[in-house]
Amino acid sequence: MNCRNIVKNLESDHFTKIKNRGKWFEEGAEIYAKEIRENIFLLFIVLKDPENEDIKALIAKYYGADTIGIREPEQIMFYLSIKCKEDFHYFEKYMKTETEMTKLK
């Protein structure tokens, strides 16, 4: 799994890079966020260690985009640590299912 390729895809898919100024995420972690519903965000946290390609994906509720990277989320709805391609495949499958369920509502 190549973290740099994933980051390029996030940037091209309208994710915003947010500075990590709080203590909830590891120091030096890169945060990429995209609002998917009002105050509900899809976040990818890329850890700084290039040897340990570790990405965390979560869907979380924040009081607003300006609190991401400063405070803990109000609520976490989904969390996944992505360490290999199989983990990323699982996440893609989850997101597809969520999208289909939303269309049914």
| said: Yes or no: the range 68-90 includes at least one residue that is assigned to a loop (DSSP other than H, G, I, E, B), at pLDDT below 90, of a type in the set (Asp, Glu) and loosely packed, with under 13 Cβ neighbours inside 10 Å. | reply: no
| Restricting the range 31-55 to residues that are at pLDDT below 90 and part of a strand (DSSP E or B), the residue that is surrounded by the most Cβ atoms within 10 Å (Cβ to Cβ) | ILE55
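The values are calculated or read from the model by the stated rules, or taken from the named source; none is laboratory data. Computed from a predicted structure; not experimentally measured. Methodologically, a virtual Cβ is constructed for each residue, glycine included, from the backbone with ideal geometry; neighbour enumeration extends over all protein chains shown.
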